[in-house]
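The values are calculated or read from the model by the stated rules, or taken from the named source; none is laboratory data. Since we're looking at a predicted model, the values are computed, not measured. Positions of Cβ are backbone-derived with ideal geometry, glycine not excepted, and every protein chain shown enters the neighbour counts. Ligands, DNA and RNA are stripped out before the accessible areas are found, and what is left, the full protein with its side chains, is counted by its heavy atoms. Shrake-Rupley method; radii C 1.70, N 1.55, O 1.52, S 1.80 Å.
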Amino acid sequence: DFILEHYSQDSSEYEDEIADLMDLRQACRTPSRDEAGIDMLISYFLQLGYVENRFFPPTRHIGVLFTWYDSFTGVPVCQQNLLLEKASILFNIGALYTQIGTRCNRQTQAGLENAVDAFQKAAGVLSYLKETFTHTPSYDMSPAMLNVLVKMMLAQARECVFEQIGLSGIRNEFFTLAKMTQEVAKVGEVYMLVNTAMNQEPVKENIPYSWSKLAQIKSDHYKALAHYFIATILCDHELQPGDDEDEQEKALSQLYDRVPEGLVLLAVLKDGAQRKQLGKAHLRKAVVYHEEALRVCGLCKKLRNIEVLQEVLTAAHKRSLLKYAQQETEDDFLSLMQAPDILSKTEHKIETIAPQFSKVKVKDFFHKLGPLTVFSAKQRWTAPRTICLHPEAGELGFSLKGGSPVQIYCLDPVCPAAAAGLKEGDYIVSVGGVDCKWLGVNEVLEKLKSVGKQPVELEVISCQDTAASLHSKSATYSMGMQKTYSLICLAMDEDKIDQTKKAPLKLPFLSWGTKNRQKAASTLCLPSAVAGSSQIKKKLSPFTLLNTESSLY
């Protein structure tokens, strides 16, 4: 209906294009959990850019309702705003990347690399969503929630990097263990930041309990590993005659933010008793963190039922207890030393990877309508007029300029074409019944010259001034993309409003034949639809560790 009303074209010629758009939209509800699924979601997102320019004028709503469900609260969000659709698709692209990341085989180097890449891309898409769509009505796409999700994705990427380093085994060697101590301390630190963010208002109320507890467990677990590694350095690697004392002292000093008062690291390295005392202090700290991780895990029923999580936490706890038991115990009551905090450090940079929309090539389904620079929803023009040309002595009486479509230029006001109704600045849309919206100046001239002195019919349109058509609401822009409308109204003088002018009828957007309705049922809630009859999309859950085989939410 909009094609007929706005573009003055026979809408029946676009039934296949509308059906293709609906087919793509339906397919986006159940994408495959791989790169093909990502590409399909991106292709739909890019098509929405074309659709927005073609069919959603900035001056009015056309009556199409988009309905999505919040992935955390389950509350439906329904708006006559295509930006909700675009933002929701972006959210699902990020969520799909997290599912790809959790499905990677993390027992192989290639699998871990793919997991790191997927989590970084998920963070990039969600970060892009936060920066671009700043007024989304859905809670799960609020800046505060997206900020938490980005931190969570980067923390999982950081964890996979640590797994990469230790995939082939961790050598029980002084400098190797020193490096691993700081790497694993970094993992514990980022999960601590995630847990802190999850427990802040306003996201605290709707973050799943199992998510925040799992972030806390991982923070405690990796902090415990850091203390275990440094304890192994102190207990298993006594200074030998051939060792470089200065290098070991330097490496050890870099592990601490501050050294306990009265403790000289070089003296600790040389004195076996002091080494053991400091090592046991770190082991006690490791045991405390392990026990806290197990305690928190026991608080959550969902986490208690994950056997592999229980096995990992229990095995790490037992290993630290065994290491502590192997040390001599006669000096226990002298070992009141508190293990100093470990300084985290990493040689591996983890950052968001911005979405690469350009890698997916799409063609505008409604390409036949003409170049977007002219044939868009925000442009207004007259209905096509037919001008019959009778070239005299090979002269047309006008020149052509511009790209596609071409414009009438330097029109002779006394030529037959002008007398027939041709105007300066008119766009030529067809020559002799052949569409030429996408043709350039030379191609249109060739068509005109090819008819010789025979009469030829041109179809032309004239652009109308759109400045008078002011929007009644202001819009917010960010990163070059339009946002949801605010409620600030533009002042308009009532005496300037033509009271006799009737408001244009808002026709339904989608209207096509029975054949194509069966081919691609729309999930759009049309104004005339019966409540509850339309199928509703659900979002992907962005954190799928707990159930990677679940359906999309």
Mind giving me the nanometre distance, one decimal, between the label points for THR108 and HIS61, set 7 Å out from Cα along Cα→Cβ? 5.1
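For the pair SER12 and LYS423, what calculated FRET efficiency results from E = 1/(1 + (r/R0)^6), where r is the Cβ-Cβ distance and R0 = 30 Å, to the nearest 0.05?
Details: r = 30 Å, r/R0 = 1.00.
Efficiency at R0 = 30 Å is approximately 0.50.
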Taking 0.36 nm per residue of separation and subtracting the Cα-Cα distance, what length does fully extending LYS301 through ASP246 add? 14.8 nm
Based on the Kirkwood radius over alpha-carbon pairs, what is the Stokes-Einstein translational diffusion coefficient of the range 1-63 at 20 °C with 1.002 mPa s viscosity, in µm²/s? 162
Which pairs in the list LYS86/LYS368; LYS302/LYS323; LYS151/LYS213 are over 19 Å apart, alpha-carbon to alpha-carbon? LYS86/LYS368; LYS302/LYS323
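What ranking do 193-202, 212-221, 283-292, 349-358 get when scored by the average of other Cβ atoms within 10 Å per residue, highest first?
Numbers: 193-202: 16.4, 212-221: 23.8, 283-292: 21.0, 349-358: 14.2.
The peptides rank, most packed first, as 212-221, 283-292, 193-202, 349-358.
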Once both labels are modelled 7 Å past Cα along the beta-carbon direction, what's the PHE175-GLU131 spacing in nm? 3.9
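For an R0 of 56 angstrom, estimate the FRET efficiency from the Cβ-Cβ distance between GLU395 and ALA144 and round to the nearest 0.05. Please report the intermediate quantities before stating the final value.
On the way: r = 68 Å, r/R0 = 1.22.
Rounded to the nearest 0.05, the efficiency is 0.25.
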Report the equivalent ellipsoid semi-axes for the range 256-299 in whole Å, largest first, defined as the square roots of five times the eigenvalues of the gyration tensor built from alpha carbon atoms. 29, 11, 6
Sort 363-370, 151-158, 446-453 by packing, meaning the average of other beta carbons within 10 Å per residue, with the highest value first. 151-158, 363-370, 446-453
Please report the carbon-and-sulfur percent of the accessible area for the range 170-350; probe 1.4 Å, protein heavy atoms only, DNA, RNA and ligands left out. 51
Return one whole number: the accessible area per residue of the range 342-434 in Å², for a 1.4 Å probe. 53
At 7 Å along the Cα-to-beta-carbon direction for both VAL360 and ALA273, put a label point, then send me their distance in nm to one decimal. 6.9
Can you spot the aspartates and glutamates whose alpha carbon is less than 15 Å from LYS204's alpha carbon? Ignore those fewer than 8 places along the same chain. ASP140
When you take every Cα atom in the range 190-269, what is the radius of gyration, and what is Dmax, the widest Cα pair distance, in Å? 18.7, 59
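Using only the C-alpha atoms of the range 95-238, find the volume of their convex hull and express it per residue in Å³. Write out the running numbers ahead of the final one.
Values: hull volume 14.7 nm³, N = 144.
Each residue corresponds to 102 Å³ of Cα convex hull volume.
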Under 18 Å from the GLU238 label point (7 Å along Cα→beta-carbon), backbone N, the range 157-178: 173-174
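How large is the translational diffusion coefficient of the range 101-178 in µm² per second when you combine the Kirkwood radius over alpha carbon pairs with Stokes-Einstein at 25 °C and 0.890 mPa s? Walk me through the numbers on the way to the answer.
Working: Rh = 14.0 Å.
Rounded, D is 175 µm²/s.
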Where q = 0.14, 0.26 Å⁻¹, what log10 of I(q)/I(0) comes from the Debye formula for the range 359-440, counting one point per Cα? -0.54, -1.45
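Hey, what D do you get for the range 170-350 in µm²/s if you plug the Kirkwood alpha-carbon radius into Stokes-Einstein at 20 °C and 1.002 mPa s? Present the calculation step by step, with values, prior to reporting the outcome.
Numbers: Rh = 17.3 Å.
It diffuses with D of about 124 µm²/s by this estimate.
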Candidate aspartates and glutamates - alpha carbon under 14 Å from LYS276, same-chain residues fewer than 8 apart omitted: ASP236, GLU238, GLU328, GLU330, ASP331, ASP332
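What is the gain in length, in nm to one decimal, between VAL75 and LEU372 on full extension, counting 0.36 nm per residue of separation less the C-alpha to C-alpha distance? Before the final figure, lay out each step's value.
On the way: separation 297, 0.36 × 297 = 106.92 nm, distance 3.62 nm.
Between VAL75 and LEU372, full extension yields 103.3 nm more.
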Summing Lys, Arg as +1 and Asp, Glu as -1, what charge do residues with Cβ under 12 Å from the Cβ of ARG295 carry, ARG295 excluded? -1
